[in-house]
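The values are calculated or read from the model by the stated rules, or taken from the named source; none is laboratory data. Quick caveat: nothing in here was measured; it's all calculated off a predicted structure. All Cβ positions, even for glycine, are placed from backbone atoms using ideal geometry, and neighbour counts span all protein chains on display. Just the protein is used for accessible areas: all its heavy atoms, side chains included, with ligands, DNA and RNA removed. Shrake-Rupley method; radii C 1.70, N 1.55, O 1.52, S 1.80 Å.
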Amino acid sequence: MEQQLTKYSISGDTMVVELTKELDHHNSVSIREEIDRQIYNGKVKNIIFDFKNTTFMDSSGVGVILGRHRILKNVGGVIAVTNVNKAVDRLFMISGLYKIVEKSSEI
Amino acid sequence: MYRNRMYLEFESKSENEKFARVTVAAFVTRLNPILEELADIKTAVSEAVTNAIVHGYNGGDGTVGLECIIEDNVLTVIVEDKGVGIPDIEKAKKPLYTTKPEQDRSGMGFMFMEVFMDEMEVISQVGKGTKVIMKKAIGAK
Ligand SMILES: Nc1ncnc2c1ncn2[C@@H]1O[C@H](COP(=O)(O)OP(=O)(O)O)[C@@H](O)[C@H]1O
Ligand SMILES: [Mg+2]
């Protein structure tokens, strides 16, 4: 089975992270590292997480987003999410993530 | 009464988080869960197994036990580790409480297990390990 990899692209000071199929603890470790590398390089201020390929997420995924929010709010950056499916949307609502993250319908 | 049971053990490796939740989802198929119920179960299993790996064994070696029992339309999932144990279970269950903020843990694992399953019980002893027992009736709503 082919594992859909996470894709990263940067334009200006915004990074688009097209997430993998299953955002669990196993997959989130390297995603976190890659995003933080770009943040600490000073390139990235805003992040858009694109969930179009993502069918599963748990609290580890919530941790990835919360953690990036904590770093980026110091530089006045924002985090947005897009293409969220029903299951992921429920997790966002229960966890209260929509209080700190913008939901955009399009990139 | 209809009854079925399975038990499996796997090593404390993060790639087994997926293996565990997919296995439980396959096991419960015969109860014809709707998609939302399946998503709930997979998330809850993922949380418990991740905790065993990340907290119970601190990312190191160990064996995780996963037992599933179906009794009529009720699924029981038991996740067990023989790791460090939890000193204060009530505190650990509080939303946002985490002992590993540096690893970006959100402290929402137990909360998700409680929300997504009908019942959750945690049995733990420091130095001995932790057992999480979760129940969910399928097709109850
Ligand atoms: N199997 C376990 N073994 C030891 N400690 C655990 C275990 N499961 C949970 N804990 C403790 O309970 C806390 C809360 O767990 P949880 O709600 O899943 O949040 P998180 O995993 O994000 O820290 C953990 O930070 C940890 O201290
Ligand atoms: Mg957890």
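Of B:T98, B:T29, A:T54, the order by accessible heavy-atom surface (1.4 Å probe, DNA, RNA and ligands excluded), from most exposed downward, is B:T29, B:T98, A:T54.
Among A:N27, A:N53, A:N41, which one moves the most in a GNM of chain A with springs linking Cα atoms closer than 10 Å? Fluctuation is largest for A:N41.
Taken about its Cα centre, the protein assembly as shown carries a charge dipole of roughly 420 debye when the Cβ of each Lys and Arg holds +1 and the Cβ of each Asp and Glu holds -1.
Dividing the summed -39500 (n - 2.57) terms of all DSSP H runs of n ≥ 4 by the residue count of chain A sets its mean residue ellipticity at 222 nm at -12000 deg cm²/dmol. Treating each Cα of chain B as an identical point scatterer and summing with the Debye formula, the log10 of I(q)/I(0) at q = 0.09, 0.16 Å⁻¹ comes to -0.25, -0.78. The Cα center of the stretch A:26-86 and the Cα center of the stretch B:63-85 differ in position by 31 Å.
Largest accessible area first, the residues B:D61, B:D118, B:D88, A:D24 order themselves as B:D61, B:D118, B:D88, A:D24 under a 1.4 Å probe with ligands, DNA and RNA left out.
Helices that extend 18 Å or more along their long axis by alpha-carbon positions and average at least 0.5 on the Kyte-Doolittle scale are, among the DSSP H runs of chain A, A:59-72. Pairs from the table (A:K73/B:K100; B:K91/B:K135; A:K21/B:K136; A:K86/B:K136) lying more than 24 angstrom apart at Cα are A:K21/B:K136. Across chain B, C-alpha contacts under 8 Å between residues 6 or more apart give a mean separation that, scaled by the residue count, equals a relative contact order of 28 percent.
Rg and Dmax, both from the Cα atoms of chain A and both in Å, are 12.7, 40.
Choose one answer from A:I94, A:I79, A:I35: the residue with the largest mean-square fluctuation in a GNM of chain A with alpha-carbon springs under 10 Å. In this elastic network of chain A, the residue with the biggest mean-square fluctuation among A:I94, A:I79, A:I35 is A:I94.
Give me the orientation-averaged projected area of the Cα convex hull of the protein assembly as shown, in nm², one decimal.
Values: hull surface 55.0 nm².
Average projection, Cα convex hull of the protein assembly as shown: 13.8 nm².
Relative contact order of chain A: 26 percent, from C-alpha pairs under 8 Å at least 6 residues apart in sequence.
Of the chymotrypsin sites (Phe, Trp or Tyr not before Pro) found in the stretch B:1-54, the ones in coil according to DSSP and having at most 16 other Cβ atoms within 10 Å of their Cβ are B:Y2. For chain A, trypsin sites (Lys or Arg not before Pro) meeting the loop criterion (DSSP other than H, G, I, E, B) and having at most 13 other Cβ atoms within 10 Å: A:K43, A:K52.
Can you compute the FRET efficiency between B:L35 and A:K45 using 1/(1 + (r/R0)^6), with r the Cβ-Cβ distance and R0 = 41 Å? Round to the nearest 0.05. After rounding to 0.05, the efficiency reads 0.65.
Sorting the Cα pairs of the stretch B:58-112 by distance into bins of 10 Å, from 0 upward, gives 19, 39, 34, 8, 0 percent per bin.
Looking at chain A alone, DSSP beta bridges between its own residues are antiparallel in about 25 percent of cases.
Rounded to the nearest Hz, the phi-derived 3J(HN,Hα) couplings of the stretch A:74-81 under the Karplus curve 6.51 cos²θ - 1.76 cosθ + 1.60 (θ = phi - 60°) are 5, 9, x, x, 10, 10, 10, 10, where x marks glycine and proline.
By the equivalent-ellipsoid construction on the alpha carbon gyration tensor, the stretch B:1-54 comes out with semi-axes of 21, 14, 8 Å, ordered largest to smallest. If both residues of a DSSP beta bridge must be in the protein assembly as shown, then about 75% of such bridges are antiparallel.
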